[in-house]
Structure formats: structure tokens, C-alpha cells
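Participant: Here you go, one structure.
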Amino acid sequence: MSAVAATPDDVLVSIRGLKTYYALRGSFRQRLVGREAGSVKAVDDVNLDIRRGEVLGLVGESGSGKTTLGRTLLGLVPATDGSVRFEGEEITGMSERELRAIRRRMQIVFQDPHASLNPAMTIEQSVGHPLEIHGVAKGVERRLRVAEALETVGLSPPEQFLDKYPSDLSGGQKQRAVIARAIILNPVLLVADEPVSMLDMSVRAKILELMLNLKHEFGFTYLYITHDLATAKFFCDRIAILYLGRIVEIGPSEAIYEDPKHPYTKALLRAIPEPDPRRTVPRDLPRGEVPDAAVPPLGCSFHPRCPAAFEVCGWESRDLRDLLETRWAHMAEDDYEREQAIVGDLSALDTTATTFRLDAPAGSSGDDLLALLDRVRAEDVDEPFWRGVRHLSASTRHLDVQLNDPYSPRLLPVERVQVECNLFDDDALARAEVLRVAER
Amino acid sequence: MTRDPVVSVHDLRVYYGSLRGTVRAVDRVSLDIGAGEVLGLVGESGCGKSTLGRGILGLLPEGAVSDGEVLYGGRNLVGMTDRALRRLRGPDLGLIFQEPMTRLNPLMRIEEHFSETLKQHEPELDADEIRRRSLETLGRMGIPPTRFRQYPHEFSGGMRQRIMIALALVLRPKLLIADEPTTSLDVIVEAQILSILADLRHNFGTALLLITHNLGIVAEACDRVAVMYAGQIVEEGDARDVFGDPAHPYTRELLRSTISLDTTELHSIPGAPPSLITPPTGCRFHPRCPDAMRACAVEPPIEQGLAGDRRVLCWLHGPDELLAADDRAPLERVELAVAEEA
């Protein structure tokens, strides 16, 4: 477990048990009676160290919480719980004033260069703005410092750019200006949130190259937030894969790419379109999309999409709903209507229950429901959901369904990486074995 | 090129006016797309890809003029009245946009989107038939019938894009133009959508023009590829041939600058795509081309056919009789400043 073994001197940022929740607004009525509408766990119990001088990649799809994690780290979003230490100093709970002082040491580069520069400010004003905010330099000195920063990021000769407006610059030039603004105060940490994903392929390499050169020249530490595993592979020393607010796999880049452990990491790598004419579109993709973070799946968040999910991964009634809906999507209308009449309304399944009762609609019975589910199972025995079913019992009016209890995966060391997946957890495997034996 | 093209574009030009002059966004483009064929259109932004896609469908902004031929079913779509074009859009010509969120009406159920579309273009269909057709198409896109009466906001981004594709396909168009259909989606969802689009050719026999800046997508999902630069097609051919052995230096450099899992060294193309108002003389790529010769800066290249239904617009491939020994000498030029590159 290299992240924990690192000596404190090595560690620039230390994140422990970090949670960032966003409250849901709920309906007007709910607010009126003061009822909580629940929350979205954007970052859910993350432990992470960023070492001095390394490039750490934070990789995930939209909704994975990668951007929120980056912002919480900078104090731009308040943490709900947990600790973020930057150079040994606790950041969570700091006042805006204290934060401002510390932000000279950590800066952010946003995704959209077109939106991160004020169109009414010249490049000199924009890039020199941090100097002004922090009272470092103004007037001629500011101009000199800005010119120097522009030169550093390759906008040279700087005189050509100082008095220009963002609209006079190309996308790549704007992103260079944004980087100049981020480094003008000599920070130690740069959080780069998708810095190249809005840029053309032909420009991306140049910006990444610039960032690498800056790192070598000034010894920056980067947190590189991206959805793109291809640029991350090239750019990062270590990679953390995020899924629904949690780190599901973390380790040295080579290990993640050579030998991914988590089924989600494997799926992400397989889905990247490669400019190799011998490849075709992969067919064995995880179904569905990142689920609703307001009501995350039980157990492992990835289990509804996971091809390797087994007995204890967190099966719940929504999984049965998805199973039936997916089946019906590919059926002829008549067949669908026949089955739909047996099951009735699926909205009762829209919960995270592990034990639930399906009411048979008029004209159907518990036995009909059981027969239907048996048929569905027989048609696709390999479907992981059925491993989660412990017991089905039919009565005249309903079908009682009992699913296995969920086992929430823990982040555990596996070879060179750490993985949060039940497949690598002896306790989870043992429980599943007990269930299998009981079934026989 | 293709034996039996669904659409055949000849010398298409699309110009529009701007304060600084005439923008030649599409400049004498010719291409064919056959039934059940997926043609990928790639190039950097600002090369005229989207304008070409819209120009083929006659969907041009005000102030734009087009000239040339877009032959579809024996008729030229260029110069056709708006009314006649509108009749073709939908049942014959379809378009899938980049942003699925902005193209569905938030106040209309999915069912209403489909019934409106079908009633508009196929008024003879009755309610049962409309429902059957809609559900069948949605099913192929993986949208379950239980969600037919829901509103757009109840769907995820990927599902909305599937609904958009289903809305275009429910009319069974013969030609479909997809403009960056997966750009705002996550990789796994992107791959799901691409496998759906790649299946279209078998299921519907649709001719598909797939516009993208992602070469990986083209390599995996397309039969043929056309590479566009500064308003022109600079290379076209079988996707495997073109990517395996690019004939045009621009294609080669684009491929080299793509960052993939196999990338071990960063590479980029110097400079940026040129202004479409005053494009460079000679070959439009010559200021950025590592292989540029003297002739390239002076004379526009002439399109050359290569083996295997391939064509390229580059002096490196001749015609030799037009090149004197002197013309083949490397082009001397001043170094580009770093600042001009980005």
C-alpha cells in the first residue's frame, strides 16, 4: 500500500475520509415542511495522497465526482466530512481569507479555455490578475511578470499578446494563457481539470508537452483530472480510477494499463476508440450508464453494469426492473405486452430493497410471475443477476423475492495496485461460497 | 466510386459572407456514399466538415450560397426549393446532431416526439402503426417500451442520444448524416452508440456520413474515410488502407498526433488550419507540411487516383509530367514561431 507508506515529507496533499455531498433541493412542498430531500454523494469517503513532484491522474466518466474532488481539494467546494491536508495544513473548515493565502500555492486550469478568460480583459490583465488579487505586483512590474509568464508558456514574443483580447487567440493559445495565469504565482500544485479535452487533436499534444516541460522546469505537482485514459497513460505517474464518488482502483500507471484489476477499469480501457484499422467497435461493453448518484446502487456501485458481479455484490429490486426492461426493449410488441400483463407496473421495483413482494396484476398470479422469471432465467443463465437471487416463492396474489445481502467492497492491495472489488476480497468470496453451498 | 451510390456529390461549394470577406467553407468537394456504407469525415475543427454535412442536406444558414451537385435519387438537391427539400428530409435524408439535450422538446413525451415526426412525414399511418414502428425502432436502440411515455429529462445523456438516433431512423432515411454524435458522451456510452451506428448498415441499409474529429472512431466504425483540410477532401479511400498507409502528409500527421494507448511520444502538427477567406496559395497544407516541395507553394495539386479506389490531393503523387526537377526541391521557409503553432 504505497500511498500510506509514503513518508510525510513526500506527501504534498493528504486526503483522508473525504466526503463532499450536495444537498438536493427537493420540491417546494418538501422545503416548506422542512423535509430533507436527500443528497448526492459526489465524493464518498476518498483516501488519497499526492506526492511532491508526481503527476496523479484522476480518471472517471461524467458523474464520477472527479471534478468535485479536485475542487474540494482547492477549497472551492466545502467538504462535508473528512480531512484535506496541504503541506501539512488542514484545509477543510478554513475561512475564505485563510484559503486565499494558501491558494497562491495551488492553482487550477479549467477545461474550457474560451470560458476561463474574461473576454473584456486583455491578456495582460487576465494573466496578471492573480498578482493583483494577492497584492504581489502592479504597474510596470506586473507587465514584466506577465511577459515572463507568457514567454514561459510559449506565447512569444509576449509583446504580441499582452494587449490582445481572448477573442484574438486560438483555442490552444488561450489555454496557454490560462496556464500562464495559473503559474504566475509560482504554485507548487496545479489541478488541471480536463485541460486538453476541448482542444483539437493536433493541439492537445502541444499543451501536454508544455505542461510536462513546466513540471521539469519548476517541479510542479499535477493533479490531472480527465475522462481520457489515453492522455492519462502518457501523462501520469499514478492513476486513480473513480466511479460514483469512490476510488475503485489506484496504482502506478504501468500497472493500471498493463494489468487492470477492476472490471470497470478493464471496460474503460476496452472502450477507447483506437486509430488502428484492424480494430472494430467492441461488443462486450458494460450495459447502461453511470447510475443516479442520489440513490446509488447497494453494495458495489458498479454491480448493475458489471459482467463479473456475483452473489454478494449488492443486488436489489432495481436490478430486476432493469433486467425486465432490457429484455422487453428487444422483444416484438406482442410478446412484450403479454409479459408486461403478467408483471404489471414496474415502478414498485424502483427501490433498493433486497426483500420485496411483487403484486400480481388482475388476470395474473404469483405462479405466473414465478413461471415468467424462470423462463427469463432459462433464456440467459449467465446473467449475473440470478446469482443474487436467494429465494423466490409464489402465492396466489404475489411473488416474494429475496436477494442476497449486499457486501460493500473495500479498497484492498492487490499486487501493484489497490482495488475496491469483491472479486479480490476473501471475505466476500467466502460469503458467496457459503451461499452457493446452501443452494446445493 | 461506389457502384450504386445513394448520394453523389460533385464539385460542391459552400461559401458564406463575413465581415472580413467570403468564407469558402467547402471548396469543390466530390464524394459518393453507397447503400449500407459508413463514410467517416475527419479533419481539425475549422476545416468545413460540419458545413459539408449540412450543405449536402441543404441545411445552410442565411447568407450561405452553395453551388455544384448533390445527386440524390436522380435529382440535384442544390438549388432545390425549401419546400421540396423539406419533403425529402426525414423519409430520405436524416441528420443527427451533436447535442442530444438541446434537440428534444422538454415539454413533450418521447411518444409525442415520435407521433409528431411520423404524422408529419407519413400521414397515412394510423395510431397503432405509429406505436409499433416507434417501439420497434426504440427497442433496437435499447430503449425499453416501459419508458415510451416519459419526458426527455427522465433519461440519461446516452439514452437521449439513442432517442435522437431512433427519431431519425424511425422514418427509415436512405442517407443519414451524423455530426459528432458521440462527442459529449462518456467513452463506454460512446462505444455503445458507435456499435449501434455500425449496425445500421446491416439493419437498415442506410448510407451514413459520420463526421468526427476522433480518428479512433473512424478506424473502428467506418468502411471508408475522407480527410478534409481547409474546405477540400485531401484523401479518400478504404479506412484500413488510409490508416494503414496514409498517402497524404496531412492524414499521416493527423494520425501521428492522435494520442492513443499506444502513444509513446507526443507529436503535433505545426501551425493551425488556415483562414478559409484567404487560403494559402498552391496546396493549402504546404505551410504546415513537412514534405512540402517548391511546387506545393505555387500550384494547387491535382487529384490523383491510387490503387484500390483511393484518391489523394498532393503533389507527392504526381502527375510527374507536370513537375520539373526544380519543383521537387524541398520548400525553403522561415521557421514558425511557437506562438503561431497553438
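The values are calculated or read from the model by the stated rules, or taken from the named source; none is laboratory data. Given the structure is predicted, the values throughout are model-derived calculations rather than measurements. So basically every Cβ, Gly included, is an ideal-geometry build from the backbone, and we count neighbours across all protein chains shown. The area values use the complete protein model at the heavy-atom level, side chains included, leaving out ligands, DNA and RNA. Shrake-Rupley method; radii C 1.70, N 1.55, O 1.52, S 1.80 Å.
Participant: Leaving out ligands and nucleic acids, note down the accessible area per residue over the range A:281-366 with a 1.4 angstrom probe, in whole Å².
Facilitator: Result: 41 Å² of accessible area for each residue.
Participant: Grab the other residues whose beta carbon is less than 15 angstrom from that of A:Ile102, score K and R as +1, D and E as -1, and report the net.
Facilitator: +2
Participant: If you don't mind, another one. Relative contact order for chain B: what is it in percent, counting Cα pairs under 8 Å that are at least 6 residues apart?
Facilitator: 19
Participant: What is the sum of charges, Lys and Arg at +1 and Asp and Glu at -1, for the other residues whose Cβ falls under 13 Å from the Cβ of A:Val43?
Facilitator: Within the 13 Å Cβ shell, the charges total +3.
Participant: I would also like to ask the following. Just to confirm, what accessible area per residue do you get for the range A:91-177 at 1.4 Å probe, in whole Å²?
Facilitator: Per-residue value: 49 Å².
Participant: Taking a probe of 1.4 Å, how large is the accessible area per residue of chain B, in Å²?
Facilitator: I get 42 Å² per residue for this part.
Participant: If you don't mind, there's one more thing I want to ask. Enter the buried accessible area of the A/B pair, total of both sides, probe 1.4 Å, in Å² rounded to the nearest 100.
Facilitator: Interface between A and B: roughly 4800 Å².
Participant: Something else about it: So if I place +1 on the C-beta of Lys and Arg and -1 on the C-beta of Asp and Glu, and nothing else carries charge, what would the dipole magnitude of the range B:167-234 be about its Cα centre? I want it in debye, nearest 20.
Facilitator: That gives a dipole near 340 debye.
Participant: Enter the mean number of other protein chain beta carbons within 10 Å of the beta carbon of each residue in B:251-262, as an integer.
Facilitator: For peptide B:251-262, the averaged partner shielding equals 5.
Participant: Same structure again: Hey, what do the phi angles of the range A:71-82 turn into as Karplus ³J(HN,Hα) couplings, whole Hz, using 6.51/-1.76/1.60 and θ = phi - 60°, x for Gly and Pro?
Facilitator: Residue by residue, the range A:71-82 yields 6, 5, 4, 8, x, 7, 10, x, 6, 7, 7, x Hz.
Participant: Which of A:Lys41/B:Lys119; A:Lys41/A:Lys206; A:Lys233/B:Lys49; A:Lys233/B:Lys174 have a Cα-Cα distance over 32 Å?
Facilitator: Exceeds cut-off: A:Lys41/B:Lys119; A:Lys41/A:Lys206; A:Lys233/B:Lys174.
Participant: Scan around B:Gly40 for amide H atoms under 5 Å from its own, H built in the peptide plane at 1.01 Å from N, and keep only partners 5 or more places away or cross-chain.
Facilitator: For B:Gly40, the qualifying residues are B:Leu210, B:Asp223, B:Arg224, B:Val225, B:Ala226.
Participant: Then there's this: Please compute the volume of the convex hull spanned by the alpha-carbon atoms of the protein assembly as shown and report it per residue in Å³.
Facilitator: With only Cα atoms used, the protein assembly as shown gives 191 Å³ per residue.
Participant: A further question follows. Which residue, chosen from A:Gln418, A:Gly57, A:Leu208, occupies the Cα position most advanced towards the positive end of the dipole of chain A, where the dipole is computed from +1 (Lys, Arg) and -1 (Asp, Glu) charges on Cβ about the Cα centre?
Facilitator: With unit charges placed on the Cβ atoms, the residue in question is A:Leu208.
Participant: How large is ³J(HN,Hα), in whole Hz, for each residue of the range A:142-157 in order, when computed from phi with the Karplus curve 6.51 cos²θ - 1.76 cosθ + 1.60 and θ = phi - 60°, using x for Gly and Pro?
Facilitator: So the J values, rounded to whole Hz, are 4, 4, 5, 5, 5, 4, 4, 5, 4, 4, 4, 8, x, 8, 10, x.
Participant: If you line up the Cα atoms of the range B:1-42 on their principal axes, what length do they span on each, largest first, in Å?
Facilitator: The principal-axis extents, from largest down, are 42, 18, 11 Å.
Participant: For the protein assembly as shown, what proportion of DSSP beta bridges, expressed in % and rounded to the nearest 5, is antiparallel?
Facilitator: 65
Participant: I've got another one for you. Of the candidates A:Tyr165, A:Tyr407, A:Tyr336, which one comes out as most mobile in a Gaussian network treatment of chain A with C-alpha springs shorter than 10 Å?
Facilitator: Among A:Tyr165, A:Tyr407, A:Tyr336, the largest mean-square fluctuation in the Gaussian network model of chain A belongs to A:Tyr336.
Participant: Which peptide among A:285-297, A:416-428, B:186-198, B:77-89 comes first, and what is the full order, when sorted by highest mean count of other Cβ atoms within 10 Å?
Facilitator: In decreasing order of mean packing, A:285-297, A:416-428, B:186-198, B:77-89 become B:186-198, A:416-428, A:285-297, B:77-89.
Participant: Taking a probe of 1.4 angstrom, what is the accessible area of B:Cys283 in Å², to the nearest 10?
Facilitator: Its accessible surface works out to 20 Å², give or take rounding.
Participant: At a 1.4 Å probe, which residues in the range A:233-255 are at least 20 Å² less accessible with all protein chains present than in their chain isolated?
Facilitator: A:Lys233, A:Phe234
Participant: Go through the range B:204-219 residue by residue and turn each phi into a ³J(HN,Hα) via Karplus (6.51, -1.76, 1.60, θ = phi - 60°); whole Hz please, and just put x for glycine and proline.
Facilitator: Listing the rounded values in order: 10, x, 6, 8, 10, 9, 9, 8, 7, 9, 9, 5, x, 4, 4, 4 Hz.
Participant: Right, next: Over the range B:102-233, with every protein chain in place, what whole percent of the accessible area is carbon and sulfur at 1.4 Å, could you tell me?
Facilitator: Accessible surface attributable to carbon and sulfur in the range B:102-233 totals 45 percent.
Participant: Hey, another quick one. Leaving out ligands, DNA and RNA, what percent of the accessible area of chain A is carbon and sulfur, probe 1.4 Å?
Facilitator: 50
Participant: Helix A:201-218 sits at what angle to the longest principal axis of chain A, using alpha carbons and giving 0 to 90 degrees rounded to 10?
Facilitator: Roughly 60 degrees between the two axes.
Participant: Another question about this same structure. What ratio of Cα Rg to 2.2 N^0.38 Å holds for chain A?
Facilitator: Taking N as the residue count of chain A, the ratio is 1.17.
Participant: Also, I was wondering about something else. Sort B:170-180, A:321-331 by packing, meaning the average of other beta carbons within 10 Å per residue, with the highest value first.
Facilitator: B:170-180, A:321-331
Participant: Within 10 Å of each Cβ of B:133-144, how many other protein chain Cβ atoms are there on average?
Facilitator: What the average comes to for B:133-144 is 3.
Participant: Let me spell out the model: positive unit charges on the Cβ of Lys and Arg, negative unit charges on the Cβ of Asp and Glu, origin at the Cα centre of chain A. What dipole size does that give, in debye rounded to 20?
Facilitator: 1380
Participant: Can you compute log10 of I(q)/I(0) for the range B:34-168 with the Debye formula, treating each Cα as one identical point scatterer, at q = 0.12, 0.15 Å⁻¹?
Facilitator: Those come out to -0.59, -0.89, one per q.
Participant: Further question: Would you mind calculating the relative contact order of chain A from Cα pairs under 8 angstrom and at least 6 residues apart, reporting the percent as a whole number?
Facilitator: Across chain A, relative contact order equals 15 percent.
Participant: Let me ask something else. On the full set of protein chains, 1.4 Å probe, figure out the accessible area of B:Met108 and give it in Å² to the nearest 10.
Facilitator: Rounded to the nearest 10, that gives 30 Å².
Participant: A further question follows. Okay, helix-only estimate at 222 nm for chain A: each DSSP H run of n ≥ 4 adds -39500 (n - 2.57), divide by all residues, round to 500 deg cm²/dmol; what do you get?
Facilitator: Taking each H run of at least 4 residues, the total per residue is -10500 deg cm²/dmol.
Participant: Using a 1.4 Å probe on protein heavy atoms, which residues of the range B:182-199 have at least 10 Å² less accessible area in the complex than alone?
Facilitator: The answer is B:Asp186, B:Val187, B:Ile188, B:Val189, B:Glu190, B:Ala191, B:Gln192, B:Leu194, B:Ser195, B:Ala198, B:Asp199.
Participant: What order, most packed first, do the peptides A:366-375, B:67-76 have when packing is the mean number of other Cβ atoms within 10 Å of each residue?
Facilitator: Output ranking for A:366-375, B:67-76: A:366-375, B:67-76.
Participant: Gap in Å between the Cα centre of the range B:1-57 and the Cα centre of the range B:251-314?
Facilitator: About 18 Å separates the Cα centre of the range B:251-314 from the one of the range B:1-57.
Participant: To continue, here is another question. Which residue, chosen from B:His248, B:Leu118, B:Ser275, occupies the Cα position most advanced towards the positive end of the dipole of chain B, where the dipole is computed from +1 (Lys, Arg) and -1 (Asp, Glu) charges on Cβ about the Cα centre?
Facilitator: Result: B:Leu118, furthest along the dipole toward the positive end.
Participant: Taking the Cα centre of the range A:262-314 as origin, work out the dipole magnitude from +1 charges on Lys and Arg Cβ and -1 charges on Asp and Glu Cβ, in debye rounded to 20.
Facilitator: Roughly 220 debye, rounded to the nearest 20.
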